[in-house]
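S.K.: A single structure is presented below for examination.
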Amino acid sequence: MRKFLPLLFLILSFKLNAQAPQKLSASAIYEKIEKLNFLGSVLYLAAHPDDENTRLISYFSNEKHARTAYLSLTRGDGGQNLIGPEIREQLGLIRTQELLAARKIDGGQQFFSRANDFGYSKNPDETLKTWNKEEVLSDVVWVIRNFKPDVIINRFDHRTPGTTHGHHTSSAILSVEAFDITTDKSIFPKQLEYTSTWQPERLFFNTSSWFFGSQQAFKEATKSEKYLSFDTGVYFPLKGLSNPEIASLSRSQHQSQGFGSTGSRGSEMEYLELIKGSQPASREDIFSGINTTWTRVKGGAEIGEMLSDVQEKFDFTNPSASLPALLKAYSLIQHLKDEHWKAIKTEEIKSIIQACAGLYLDAVSNSEFASPGDTTMLQLEAINRSNAEVELTSIVLNPQNQVEETATVLPNNEDWKKSLEYKVPENATYTSPYWLNKEGTVGMYRVDDRKLIGKPETPHLNTVTFNIDINGTSIPFEKEIVYKYNDNVTGENYENFEIIPPVSIGFTEDVILFPNQESKNIRIKVTAEKDSTSGTLKLNLPSEWQISPKSEAVNLPQKGSSITYTFKVTPPSAQSEIWIYPEFETSGKTYKDEVITINYPHIPKQTLVIPAKLKLAKIDIQKKGENIAYIAGAGDVVPESLRQIGYHVSVLSPATISAKGLAKYDAVVTGVRAYNVLEELRYKNDELMKYVENGGTLVSQYNKDRGITVNQIGPFPFKLSYDRVTEEDAEVDFVNPNSPVLNTPNKITKNDFDGWVQERGLYFPNAWDKNYNTILSMHDKNEEATEGSLLIAKYGKGYYVYTGLSFFRQFPAGVAGSYRLFANLLSLGK
């Protein structure tokens, strides 16, 4: 009988960043052995980050010990950001890392397609047209052929188009179609240069009473044999947590969406409906009838017997006692002819062997960044903390394949360290998110390298391979090069070692608007990513735009130093919109990229290398009033945008709001979802209404009905809904063409709605008090018109405005008409 030592599962281990060396407790080693002995896989499939059922992912990974993965077709680029100003591609990068953090907790793997989350879609026809159905379908097939799941589970129902987000239904439609074609060699044949065909055994729909409208209807439906049900509320003694508690910790990683979740204990039933494939013999086990033992691979029976013995005899007080059997099993796995399971189980057992030997291996750069051709110093470390005979035979620096012979015995608990120079190859590519390296379309990211498709992030090619001999068995352990530093508060910190350009060039703004012919300054920040950076910074503009100076000499002596250069730009007299791109010339080379870092405590720091660009727009715009108060909501750039057109904007803390204090402002604006995220507005909304009553103008941007902090947002009631217009080019009609909002100080025409991005607006009111006037009417194709996008009421001496129009998306894109319309809203009553 094995010795059993229950260990408390440390929640803090969830917070270790992904770059730190893995340090497994004895209980975690044992759980990895359980997974090593299970040869079954399940793929969960949906559309967005947050669509996944973390209870099921954790259950299959931790209770069934199956290889479990989530394929999210998009990276959530089209949503809102509740933790910062990043939207679109940068938000997608944040949500990618949030999903990886979630999988680290629940034990799953993560995949993506090339589909771009272009925003809300009302039906799958629109979604699949914008995405390019054939390409996304090929990505789904590609992931299935590589991951080779026995079972696929869809989050959504393919049979109910139009009842939910079009992305949701599309994910299920593509999954159902892929299930039938993954074994056909004539479909996407180029994939077979890198992988092989595969036929999953079963396809399920993860259903619930929500999809049936009532508990009774759901109860009746699930009596059918095609429905499986099982309790996912299991408790894991080795972790000290229930499965729902793990699932809630996982879901709480979606911080940019505000999905913090409280764990629960006790029974949690889940239901699956069989859509395709064989009927399981047991209605409580999706793997029933599927061989998930080592006997499913030729030559695996002996390995299975050996590892079952390891599992039975595992000594929690001395994991290294399992090394002899594990090393023998490792050698047998290397002779398997099934390349799929050979690769998977090789990596799994290597991780277990390393942990049982207490083998710590680390390759740390003395610099966080390097550029192609640079040389950095590496600090290598290796220590064996077992009585096994361990020798470090050699070290290989990759991708150069530079071999350093060491032939060093690693005695028990004696630390080995060595410093080495590491030269980054001249042709090294930047370690930026691969799906952002080339410009795609509205619906699709462009990825030319087939082998990258599906991966959650760009593989780090700068690694060190430690060739280790343990008791006569040679095993290579490859470790990513990382950067490590000590913080006086948080202690030891790990970050990625990134390859970036030697210089970063970035504009301090994304858009600069010229409401008249007055000149404005363009500021460009140049940052040296290596010592002794010098060159020439240039901007090339069309002849009708004037710029001074034409170029600047740059001299930055130290790495990390930066200078912001100012160029004076004068616009043409006519309306004009252009993009400009800077160039930095040095030593015969030209650099045009900006290095952006995104840093939040719940995810690893991210580095993004993208072409630097700036939009200049000469627009015809007038305004009344000067001073605007802004109450920030869930992250947007509206204050900065209003400053662009000449307003003085003060961002106020809700705690300071009073009608008397607001009287000095020409208008007050509440930010996106302010009434959802600011609890203080529960107590301050009356002061805002007094401000309006006394003659002020208040503009409230969109909120969601769920989680409103006040009983009534405006001075008169209106009801928020899920109404939205998702087509950014949807026809707009003027309900009240004589309204001041459409006439002063700017004459608004339908041309002002040209060039809008992602959508017209969202969460429009669908019922309102008679005191509100409607201004605009709009609708998506084949839908009835809605007039709730813009409501205006006279209240006392002032004006109250509620708008679901997505100004927060239009402003960063420099959409001139959105600025003109918003200026009219702020000018009401002036």
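S.K.: Considering only residues that are of a type outside the set (S, T, N, Q), surrounded by fewer than 18 Cβ atoms within 10 Å (Cβ to Cβ) and in contact (Cβ under 8 Å) with a residue 12 or more places away in the chain, which ones fall in segment 392-404? Spell out the reasoning first.
M.R.: So in segment 392-404, the residues of a type outside the set (S, T, N, Q) come out as 392, 395-397, 399, 403-404.
When the remaining residues are screened for being surrounded by fewer than 18 Cβ atoms within 10 Å (Cβ to Cβ), the result is 396, 399, 403-404.
Across segment 392-404, the qualifying residues are V396, P399, E404.
S.K.: Those residues that are closer than 28 Å to F212 by Cα, surrounded by fewer than 15 Cβ atoms within 10 Å (Cβ to Cβ) and touching a residue at least 40 places away in the same chain (Cβ under 8 Å), I need them from segment 227-265; list them, please.
M.R.: S229
Rundown of residues vs (1) of a type in the set (K, R); (2) farther than 23 Å from L828 by Cα; (3) over 37 Å from the mean Cα position of the chain (by Cα); (4) not assigned by TED's automatic domain parsing to the domain that holds Y772, yes/no style:
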{"position": "Q644", "(1), (2), (3), (4)": "no, no, no, no"}
{"position": "K664", "(1), (2), (3), (4)": "yes, no, yes, no"}
{"position": "E679", "(1), (2), (3), (4)": "no, yes, no, no"}
{"position": "D686", "(1), (2), (3), (4)": "no, no, yes, no"}
{"position": "V692", "(1), (2), (3), (4)": "no, no, yes, no"}
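S.K.: Could you tell me which numbered condition W756 fails, if it satisfies all but one of (1) in contact with an Asp or Glu (Cβ under 7 Å, 6 or more places away or on another chain); (2) surrounded by fewer than 15 Cβ atoms within 10 Å (Cβ to Cβ); (3) aromatic (F, W, Y)?
M.R.: (2)
S.K.: If you check E492, E426, which single one turns out to be modelled with pLDDT under 95, in a loop (DSSP other than H, G, I, E, B), surrounded by fewer than 13 Cβ atoms within 10 Å (Cβ to Cβ) and of a type in the set (D, E, K, R)? Walk me through it before giving the result.
M.R.: Numbers: E492 fails: in a loop (DSSP other than H, G, I, E, B).
After ruling out the rest, the residue left standing is E426.
Every residue, every condition in (1) farther than 18 Å from H602 by Cβ; (2) of a type outside the set (A, V, I, L, M); (3) not assigned by TED's automatic domain parsing to the domain that holds G671, yes or no:
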| position | (1), (2), (3) |
| --- | --- |
| A69 | yes, no, yes |
| L82 | no, no, yes |
| F111 | yes, yes, yes |
| Y120 | yes, yes, yes |
| I144 | yes, no, yes |
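S.K.: Could you grab me the full set of residues in segment 568-606 that are among the hydroxyl-bearing types (S, T, Y) and free of Cβ contacts under 8 Å to residues at least 24 places away in the same chain? If you could, list the steps in order and put the result at the bottom.
M.R.: Of all residues in segment 568-606, those among the hydroxyl-bearing types (S, T, Y) come to 570, 573, 576, 581, 586-587, 590-591, 597, 600.
Once the filter is applied, which keeps residues that are among the hydroxyl-bearing types (S, T, Y) and free of Cβ contacts under 8 Å to residues at least 24 places away in the same chain, segment 568-606 yields T590, T597.
S.K.: Restricted to segment 638-669, and to residues that are without any contact (Cβ under 8 Å) to a residue 40 or more places away in the chain and part of a strand (DSSP E or B), which residue is surrounded by the most Cβ atoms within 10 Å (Cβ to Cβ)?
M.R.: Initial filter on segment 638-669 (without any contact (Cβ under 8 Å) to a residue 40 or more places away in the chain): 639, 643, 648-665.
If we keep only those that are part of a strand (DSSP E or B) as well, we get 648-651.
Values: H648: 13, V649: 17, S650: 13, V651: 13.
The extreme case among them is V649.
S.K.: Also, quick follow-up: If you scan segment 373-391, which residues turn out to be surrounded by 14 or more Cβ atoms within 10 Å (Cβ to Cβ) and either within 18 Å of A428 (Cα to Cα) or without any contact (Cβ under 8 Å) to a residue 12 or more places away in the chain (or both)?
M.R.: Of everything in segment 373-391, those that are surrounded by 14 or more Cβ atoms within 10 Å (Cβ to Cβ) and either within 18 Å of A428 (Cα to Cα) or without any contact (Cβ under 8 Å) to a residue 12 or more places away in the chain (or both) turn out to be D374, T376, L378.
S.K.: Is it the case that G358 is under 35 Å from the mean Cα position of the chain (by Cα) and at pLDDT below 95?
M.R.: Answer is no for this residue.
S.K.: Those residues that are buried (at least 18 other Cβ atoms within 10 Å of the Cβ) and within 33 Å of the chain's Cα centre (by Cα), I need them from segment 516-538; list them, please.
M.R.: Matches in segment 516-538: I522, I524, V526, T527, A528, E529, K530.
S.K.: Go through segment 767-798 and count every residue that is in a loop (DSSP other than H, G, I, E, B) and either among the basic types (K, R) or not assigned by TED's automatic domain parsing to the domain that holds V735 (or both).
M.R.: First, pick out the residues of segment 767-798 that are in a loop (DSSP other than H, G, I, E, B): 769-771, 775, 779-785, 787-789, 796-797.
Keeping just the survivors that are either among the basic types (K, R) or not assigned by TED's automatic domain parsing to the domain that holds V735 (or both) gives 770, 781, 797.
Qualifying residue count, segment 767-798: 3.
S.K.: So which of E225, E245, E284 ends up being of a type in the set (D, E, K, R) and at pLDDT 95 or above?
M.R.: On the way: E225 fails: at pLDDT 95 or above; E284 fails: at pLDDT 95 or above.
Matching residue, one of E225, E245, E284: E245.
S.K.: Moving on to the next point. Mind checking which residues of segment 548-580 are over 36 Å from the mean Cα position of the chain (by Cα), more than 16 Å from I505 (Cβ to Cβ) and among the hydrophobic types (A, V, I, L, M, F, W, C)?
M.R.: V569, A574
S.K.: Sticking with this one: Please give the number of the condition Y194 fails out of (1) more than 29 Å from the chain's Cα centre (by Cα); (2) closer than 13 Å to R145 by Cα; (3) of a type in the set (F, W, Y).
M.R.: Result: Y194 passes all but (1).
S.K.: So if I check each of T473, T408, which one is farther than 26 Å from A115 by Cβ, in the same structural domain as I383 (by TED's automatic domain parsing), surrounded by 13 or more Cβ atoms within 10 Å (Cβ to Cβ) and out of contact with any strand residue (DSSP E or B) (no Cβ under 8 Å at 6 or more places or on another chain)? Spell out how you get there, then give the answer.
M.R.: Numbers: T408 fails: out of contact with any strand residue (DSSP E or B) (no Cβ under 8 Å at 6 or more places or on another chain).
When all the criteria are applied, what remains is T473.
S.K.: Being surrounded by fewer than 16 Cβ atoms within 10 Å (Cβ to Cβ) and of a type in the set (F, W, Y): is that true of W210 here? Reasoning before the result, please.
M.R.: Values: surrounded by fewer than 16 Cβ atoms within 10 Å (Cβ to Cβ): yes; of a type in the set (F, W, Y): yes.
The answer is yes for W210.
For (1) in contact with a strand residue (DSSP E or B) (Cβ under 7 Å, 6 or more places away or on another chain); (2) surrounded by 24 or more Cβ atoms within 10 Å (Cβ to Cβ); (3) not assigned by TED's automatic domain parsing to the domain that holds K148, each residue gets a yes or a no:
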position	(1), (2), (3)
A26	no, no, yes
K32	no, no, yes
K35	no, no, yes
E52	yes, yes, no
I57	yes, yes, no
H65	no, no, no
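S.K.: Within segment 569-579, is even one residue touching a Leu at 6+ places or on another chain (Cβ under 9 Å), surrounded by 13 or more Cβ atoms within 10 Å (Cβ to Cβ) and of a type in the set (F, W, Y)? Quick ask: steps written out before the conclusion?
M.R.: Our first condition is that a residue be touching a Leu at 6+ places or on another chain (Cβ under 9 Å); within segment 569-579, this holds for 569, 571, 576-579.
Cutting the leftovers down to surrounded by 13 or more Cβ atoms within 10 Å (Cβ to Cβ) gives us 569, 571, 576-578.
Checking the rest, the ones that are also of a type in the set (F, W, Y) come to none.
No: zero hits.
S.K.: Shifting gears a bit: Might you let me know whether segment 502-524 holds any residue that is among the acidic types (D, E), part of a strand (DSSP E or B) and either touching a Ser or Thr at 6+ places or on another chain (Cβ under 9 Å) or modelled with pLDDT of 95 or more (or both)? Talk me through it step by step, then tell me what you get.
M.R.: Here is the first cut: in segment 502-524, the residues among the acidic types (D, E) are 509-510, 518.
Still in the list and also part of a strand (DSSP E or B): none.
For segment 502-524, residues among the acidic types (D, E), part of a strand (DSSP E or B) and either touching a Ser or Thr at 6+ places or on another chain (Cβ under 9 Å) or modelled with pLDDT of 95 or more (or both): absent.
S.K.: Also, I was wondering about something else. Exactly one condition in (1) more than 30 Å from the chain's Cα centre (by Cα); (2) outside any loop (DSSP other than H, G, I, E, B); (3) in the same structural domain as F230 (by TED's automatic domain parsing) is false for E273; which is it?
M.R.: Checking E273 against (1) more than 30 Å from the chain's Cα centre (by Cα); (2) outside any loop (DSSP other than H, G, I, E, B); (3) in the same structural domain as F230 (by TED's automatic domain parsing), the one that fails is (1).
S.K.: Of the residues I94, I87, which is of a type in the set (V, I, T) and either on the phi > 0 side of the Ramachandran plot or modelled with pLDDT under 95 (or both)?
M.R.: The unique qualifying residue is I87.
S.K.: Right, another one. In segment 95-199, which helices (runs of 4 or more DSSP H) lie fully inside it and hold 2 or more residues that are among the acidic types (D, E) and touching a residue at least 12 places away in the same chain (Cβ under 8 Å)? Please lay out each step first, then the result.
M.R.: On the way: elements: 124-131, 133-147, 166-179.
In segment 95-199, the matching helices (runs of 4 or more DSSP H) lie at 124-131, 133-147.
S.K.: Regarding segment 619-637, can at least one residue be identified that is at pLDDT 95 or above, surrounded by fewer than 17 Cβ atoms within 10 Å (Cβ to Cβ) and not in a loop (DSSP other than H, G, I, E, B)?
M.R.: Taking every residue of segment 619-637 in turn, at least one turns out to be at pLDDT 95 or above, surrounded by fewer than 17 Cβ atoms within 10 Å (Cβ to Cβ) and not in a loop (DSSP other than H, G, I, E, B).
S.K.: Look at segment 57-79 and say how many of its residues are more than 22 Å from T293 (Cβ to Cβ) and not in a helix (DSSP H, G or I). Write out each step before concluding.
M.R.: Filtering segment 57-79 down to residues more than 22 Å from T293 (Cβ to Cβ) leaves 57-58, 70-79.
When the remaining residues are screened for being not in a helix (DSSP H, G or I), the result is 70-79.
Adding up the residues that qualify gives 10.
S.K.: Being closer than 30 Å to K129 by Cβ, touching a residue at least 24 places away in the same chain (Cβ under 8 Å), among the charged types (D, E, K, R) and in the same structural domain as R682 (by TED's automatic domain parsing): is that true of D752 here?
M.R.: Working: closer than 30 Å to K129 by Cβ: yes; touching a residue at least 24 places away in the same chain (Cβ under 8 Å): yes; among the charged types (D, E, K, R): yes; in the same structural domain as R682 (by TED's automatic domain parsing): yes.
The answer is yes for D752.
S.K.: Could I ask something else about it? Name every residue in segment 685-708 that is buried (at least 19 other Cβ atoms within 10 Å of the Cβ) and farther than 16 Å from K797 by Cα, in order of residue number.
M.R.: N685, S700, Q701, Y702, N703
The values are calculated or read from the model by the stated rules, or taken from the named source; none is laboratory data. In this text the structure is predicted, and so the values were computed from the model without any measurement. So basically every Cβ, Gly included, is an ideal-geometry build from the backbone, and we count neighbours across all protein chains shown.
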